[in-house]
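Inspection log for the structure reproduced underneath, given as structure tokens.
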Amino acid sequence: MEVLSLASEVIDLERLQTLRRKIHMNPELKYEEVSTARLIVEHLDALNIQYEDRIGETGIVATIHGFNRDRANPGRTIGLRADMDALPMQETNRFEHASKVAGKMHACGHDGHVCMLLGAAELLISNNIFDGTVHLIFQPAEEGGAGAKAMMEAGLFDKYPCDAIFALHNWPDLPYGQMAVRPGPIMGASVRFEIIISGKGGHGALPHEAIDPIPIACAIVCQLQTLISRSKNPQDVAVLTVGKIESGIMENIIPDEAKIFGTCRTLTTKTQAVLVEGLHRVSTGVAQAHAAQAEIKIKYGYPATNNDEVEAKFMFEAMKDMVGPQAAHFELPAALTAEDFAYMLESVPGAYGWIGNNVPGQEKSPLHSSNYDFCDNNLLLGAAFWQHLVKKRFEAES
């Protein structure tokens, strides 16, 4: 497309790919993104772009004004967000730019998100013929640290007000060259739970003298699945997963206690409330039926990522311009993975979309897998898309 061709003449793709791979090789976990932030500001300095760093600990906001606009007279404003943290897991890839840090890797493509936005910065600063102001938000700690919320609490939208805000995430369920967005919830709300079953320990050969928490835990795990099949509305999307059970120290000892750990994912607060109430009811009821006790601990995570209907439609139109109507999708099913961009969307109308990361001919890896990698072809596509979305936005409002 002409937009991509023009973008390729401006962006130094080799430099951008090298930067992306350098970030991939040196992953940093939530709120530890000091070296990553340094690489970002070095790139911004080279482009002579104004920025503020250390917002929400390691976050950065860079500002690009359109023609005849400045800090005192910003005009319409738009925010573009990229997350930049890695995950606490061991990479199994063997390519040259694999993680050099044991137990840490970019298994969610945030390294690519950073470089797509830096590519957009190059395009926007080289051709700022748009009537407004763009805030490029480099956000820490998406992976469980609520970095979006931390930046907001540090005054993100007070210092850098946005009329609308947008984000892209690479998506392995979409082929490269395709993009998607949807109105309403696109990502799920998360809840983590811990259930502690208190029984009575004893000898494994004398179970009648004990209250064994292990079979009680097993019964609770099985019954919890009825919350999905029988307690919620069948038309509502939700999942309940038990990912960990702890109990016991030896095969011939009945322990005093068993613990169950899991998560619930929903698209609505109503369904979330149904599952949380059910966790308490089922767990305590099953435990009492076996003369034991159950304590339930709930930890609420990110809310659902709810796209504004108008802004989602606008983002979709920009996607169609970039990849064509056959490769742009507007009604794909929502995912139940969680995303802290949800906090920003609670304060500012906007939309969160997907950019395909599944390269034809290569084995597909899911997000958060030990052999995941961002598709470098998306550096140009993502950067050009951000530039196009900005210009389309301000053209529509002029």
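With a point put 7 Å past each Cα toward its Cβ, work out how far Lys270 is from Leu6 in nm, to one decimal.
4.6 nm
First measure r as the distance between the Cβ atoms of Thr337 and Arg71, then evaluate 1/(1 + (r/R0)^6) with R0 = 45 Å and state the FRET efficiency to the nearest 0.05.
It comes to 0.75.
Angle check, please: helix 309-323 long axis (alpha carbons) against the longest principal axis of the chain (alpha carbons), in degrees 0 to 90, nearest 10.
Between the helix axis and the principal axis of the chain, the angle is about 60 degrees.
Sort Ser99, Ser126 so that the residue with the fewest other Cβ atoms within 10 Å of its own Cβ comes first and the one with the most comes last.
So the ranking, lowest neighbour count to highest, is Ser126, Ser99.
To one decimal place, what Kirkwood hydrodynamic radius in Å is obtained for the stretch 189-300 from all pairs of distinct Cα atoms?
Across the stretch 189-300, the inverse of the average 1/r is 14.4 Å.
Distance check, please: which entries in Lys100/Lys313; Lys270/Lys313; Lys104/Lys244; Lys30/Lys244; Lys30/Lys297 exceed 29 angstrom between their Cα atoms?
Lys100/Lys313
Along the charge dipole of the chain, Cβ charges K/R +1 and D/E -1, which of Leu123, Ile245, Ala164 sits furthest on the positive end?
Ile245
Where both residues lie in the chain, what percent of DSSP beta bridges are antiparallel, nearest 5?
Around 70 percent antiparallel, to the nearest 5.
Let a ≥ b ≥ c be the square roots of the eigenvalues of the Cα gyration tensor of the stretch 28-144; is it rounded (a/c under 1.5), or, if not, prolate (a/b larger than b/c) or oblate?
prolate
Please go through the stretch 55-143 and write out the chymotrypsin sites (Phe, Trp or Tyr not before Pro) that DSSP classes as loop and that have at most 12 other C-beta atoms within 10 Å.
The qualifying sites are Phe67, Phe95.
Of the options Thr266, Gln223, Val282, report the single residue whose Cα projects farthest towards the positive end of the charge dipole of the stretch 189-300 (beta-carbon charges: Lys, Arg +1; Asp, Glu -1).
Of Thr266, Gln223, Val282, it is Thr266.
Rounded to the nearest 20 debye, what is the charge dipole size of the stretch 46-154 about its Cα centre when +1 sits on each Lys and Arg Cβ and -1 on each Asp and Glu Cβ?
Numbers: 9 positive and 14 negative charges, 27 e Å.
Dipole of the stretch 46-154, to the nearest 20 debye: 120 debye.
On a full-extension model of 0.36 nm per residue, what is the gain between Lys299 and Lys200, subtracting their alpha-carbon distance, rounded to one decimal in nm?
Computed gain between Lys299 and Lys200 is 32.9 nm.
Note down the relative contact order for the stretch 210-349 as a percent, whole number, built from C-alpha pairs under 8 angstrom at least six residues apart.
Worked out over the stretch 210-349, it gives 24 percent.
Which of Gly201, Gly184, Gly324 moves the most in a Gaussian network model of the chain with Cα springs under 10 Å?
Evaluated over the chain, the most mobile residue of the options is Gly201.
Using unit Cβ charges (K, R positive; D, E negative) and no other charged atoms, how large, in debye to the nearest 20, is the dipole of the stretch 189-300 about its Cα centre?
600 debye
How tilted is helix 269-289 with respect to the longest principal axis of the chain? Cα atoms for both, answer in degrees (0 to 90, nearest 10).
Tilt relative to the chain: about 20 degrees.
Starting with the highest mean, order 378-385, 215-222 by the number of other Cβ atoms within 10 Å, averaged over the residues of each peptide.
Packing proxy ranking, top to bottom: 378-385, 215-222.
With an 8 Å cut-off on Cα pairs and a minimum separation of 6 or more residues, tell me the relative contact order of the chain in percent.
Working: 904 pairs, mean separation 97.2, N = 398.
This gives 24 percent for the chain.
Projected onto the charge dipole of the stretch 250-385 (+1 at Lys/Arg Cβ, -1 at Asp/Glu Cβ, origin at the Cα centre), which of Met319, His368, Ala294 gives the Cα projection farthest towards the positive end?
Going by the charge dipole, the pick is Ala294.
Take the Cα radius of gyration of the chain and divide it by 2.2 N^0.38 Å, with N its residue count; two decimals is plenty.
Values: Rg = 23.8 Å, N = 398, 2.2 N^0.38 = 21.4 Å.
This ratio for the chain stands at 1.11.
Nearest 10 degrees, 0 to 90: what angle lies between the long axis of helix 13-25 and the longest principal axis of the chain (Cα atoms)?
Here the helix axis deviates by roughly 20 degrees.
Can you order the peptides 262-268, 240-246 by their average number of other Cβ atoms within 10 Å per residue, highest first? Mind showing how you got there, number by number?
On the way: 262-268: 21.7, 240-246: 14.6.
Averaged packing, sorted descending, gives the order 262-268, 240-246.
Over the Cα atoms of the stretch 113-208, Rg to Rh with Kirkwood Rh, two decimal places?
1.25
Pick out, in residue order, every one of the GluC sites (Glu not before Pro) in the stretch 302-336 that is DSSP loop and has at most 16 other C-beta atoms within 10 Å; say none if there are none.
Glu331
Please compute the modelled spin-label separation between His208 and Asp53, points set 7 Å along Cα→Cβ, answer in nm with one decimal.
Result: 7.2 nm between the two label points.
Points 7 angstrom from Cα along the Cβ direction at Ile129 and Ile249: gap in nanometres?
That separation, rounded to one decimal, is 7.5 nm.
Any idea what the dipole of the chain comes to, in debye rounded to 20, about its Cα centre with Lys/Arg Cβ at +1 and Asp/Glu Cβ at -1?
Computed charge dipole of the chain: roughly 600 debye.
Only the coordinates and a few stated rules stand behind these numbers; no lab work does. These figures come from a predicted structure and were not determined experimentally. FYI the Cβ positions are ideal-geometry reconstructions off the backbone, even for glycines, and counts take in every protein chain you see.
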